[in-house]
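Below: one structure, written as structure tokens.
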There are 2 protein chains.
Amino acid sequence: MMRSMGTRIADTIRERIEQMIVTGEFADGERLDEVKLAEQFGVSRTPLREAFQSLAASGLLTLEARRGAFIRHPDFVELVEMFEVMAELEAMCGFRAARRVNEQQMRDIGRTIEACEAAIARGDSDEYYRENETFHHLLYEASGNSFLAREAARLHKRLKPYRRMQLRVNGRMPQSMREHRAVYAALEKSDPKAAAATLRQHVAIQGERFNDLMASYRQIAPRKAG
Amino acid sequence: MMRSMGTRIADTIRERIEQMIVTGEFADGERLDEVKLAEQFGVSRTPLREAFQSLAASGLLTLEARRGAFIRHPDFVELVEMFEVMAELEAMCGFRAARRVNEQQMRDIGRTIEACEAAIARGDSDEYYRENETFHHLLYEASGNSFLAREAARLHKRLKPYRRMQLRVNGRMPQSMREHRAVYAALEKSDPKAAAATLRQHVAIQGERFNDLMASYRQIAPRKAG
DNA sequence: TTCAATATTCTTGTATACAAGAGATTTGAC
DNA sequence: GTCAAATCTCTTGTATACAAGAATATTGAA
């Protein structure tokens with residue numbers, strides 16, 4: 001076992017660029033210069049271009065024929081659409097997890113909730129984001145549907161820069177924590193509908209949060225690059 | 001406009017291999033020989049490998065470091081998982097379409113239903129598959145969520161070989177057509193819940209269909225390649 | 001000065017060359 | 001005859017070379 005733990009440069013490059021993208025290192029419309037990046041990573045253009053293909057297929061960047069690879073932040077409408085799908089995927093995970101979650105998973109989930117709250121108390125937002133991410137990933141796994149878990153994780157990753165931006169608005173974190181606890185309670189009661197509804201609510205962009213997102217969106221996305 | 005209608009060989013290759021995969025041209029576990037395929041397509045390995053990266057990211061094949069590109073049919077469990085997600089995505093599309101579908105779209109959807117029935121009457125199964133596919137794609141579009149539509153289409157494509165296999169079992173087509181009509185009726189009544197429920201039912205692998213799928217699965221997937 | 005046509009440069013897309021690991025084959029020992 | 005070790009071949013992974021299309025700069029005319 002433990003196959004394909006590739007020493008392939010292309011894979012490494014892919015991960016590094018992916019990281020750069022989801023941490024919002026590139027501006028909207030920015031072109032990723034092949035030769036510059038290849039130089040920067042100390043490799044040739046070949047593995048870099050392979051990484052581009054992979055990233056493009058995942059939707060993290062856009063390839064335009066004979067023009068290059070571009071970062072294309074979703075416009076506001078598409079961002080809302082993506083969160084809408086994310087909300088349903090999370091709801092689906094929660095629904096299934098409520099029936100299938102085991103004790104070990106419940107302990108893990110409970111622990112991340114506490115770690116989140118501790119991070120908030122300390123004002124350690126990096127740690128909060130990490131634990132929050134873990135919470136959601138544990139939930140995906142607990143769904144018992146490995147394909148669903150992968151797809152959810154994929155979209156979750158793709159939304160990373162915008163979720164971060166969204167949570168920045170104050171007053172959101174305590175509410176978010178209450179929802180985490182509500183999810184936990186629903187799982188404990190094996191209540192699929194409650195788990196699904198809570199998670200849909202937790203992720204969806206509705207009411208006040210719609211305005212929050214719209215406001216913060218302006219601060220990030222529209223800075224067009226040369 | 002009309003950008004990126006790439007004259008890129010890599011894109012062409014990608015589509016051709018994708019087509020070969022979804023039409024079930026490769027056996028499970030089969031390795032895609034780079035030089036052989038390159039020769040076959042009359043190109044070098046470079047665009048071929050880029051196509052591989054793209055296909056791998058879409059889940060249509062698996063890359064193993066220093067071993068090559070392999071066709072890995074989902075095992076039975078994963079296949080059921082995938083249909084489970086597909087069912088939810090379709091339900092989601094139907095739910096939204098019930099509120100948002102316009103008259104032109106209703107006409108188009110109605111037309112594909114009739115074309116499907118005509119194809120069945122003629123015993124033209126190829127035409128049936130084509131129109132059935134159109135029906136579902138129209139539904140995705142009618143959801144009004146373009147991101148959702150793309151994701152649904154993506155998974156739909158990935159499931160293509162297995163859906164085909166699944167529908168082959170006799171007695172299924174008339175039932176399938178009744179469900180299409182039920183979806184149409186729900187859209188006409190602007191009844192989101194009915195549309196969602198019908199589509200979930202239409203796609204989900206449950207009851208009798210579970211056995212049908214399992215039986216036919218054995219005929220396709222397990223033929224391991226050298 | 002401004003616009004357009006042309007020339008030039010730059011970047012992408014593809015092919016080829018080369019390096020290194022995986023798999024197959026052969027050889028040798030028991 | 002069977003198993004294991006070493007060799008050899010074949011395939012992948014990466015780098016480089018080359019071709020062609022975009023983008024940019026330049027030149028000329030109005």
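Any read-out appearing in this document is the output of simple, stated calculations on the displayed coordinates, not a laboratory observation. As the structure is a prediction and not an experimental result, all values here were calculated from the model. As a convention, Cβ positions derive from the backbone with ideal geometry for all residues, glycine included, and neighbour counts pool all protein chains shown.
Per-structure values
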item	result
Potential lengthening between B:Val77 and B:Glu39 on full extension [0.36 nm per residue; Cα-Cα distance subtracted]	10.1 nm
Residues of the range B:94-127 with amide N under 15 Å of a point placed 7 Å along Cα→Cβ from B:Glu179	B:94-95
Cα-Cα separations in chain A greater than 32 Å, expressed as whole percent	26 percent
B:Arg209-B:Ala121 pseudo-label distance in nm [points 7 Å out on the Cα-to-Cβ vector]	2.5 nm
Among B:Val85, B:Val43, B:Val22: highest mean-square fluctuation, GNM of chain B, C-alpha pairs under 10 Å	B:Val43
Fluctuation leader among A:Ala98, A:Ala194, A:Ala215 - chain A, Gaussian network, Cα springs under 10 angstrom	A:Ala215
Cα-based reach from A:Lys189 at 17 Å (exclusive), listing aspartates and glutamates while leaving out same-chain residues under 8 positions away	A:Glu103, A:Asp108, A:Glu179
Among A:Leu37, A:Phe83, A:His73 the positive-end extreme of the charge dipole of the range A:1-105 (Cβ point charges)	A:Leu37
Estimated Rh, the range B:9-70: Kirkwood, alpha-carbon pairs, angstrom	11.5 Å
Computed lengthening from B:Lys189 to B:Arg154, 0.36 nm per intervening residue step minus Cα-Cα distance	9.8 nm
Separation of the B:Thr23 and A:Ala65 label points, Cα + 7 Å toward Cβ, nm	2.2 nm
Copies compared at A:Glu127 - label distances in nm, ascending, label defined 7 Å from Cα in the Cβ direction	6.8
Convex hull of the protein assembly as shown built on C-alpha atoms - directionally averaged projected area, nm²	23.7 nm²
Simple Cβ-charge dipole of chain A, Lys/Arg +1 and Asp/Glu -1, about Cα centre, in debye nearest 20	280 debye
Over chain B, relative contact order from alpha-carbon pairs under 8 Å, at least 6 apart, %	28 percent
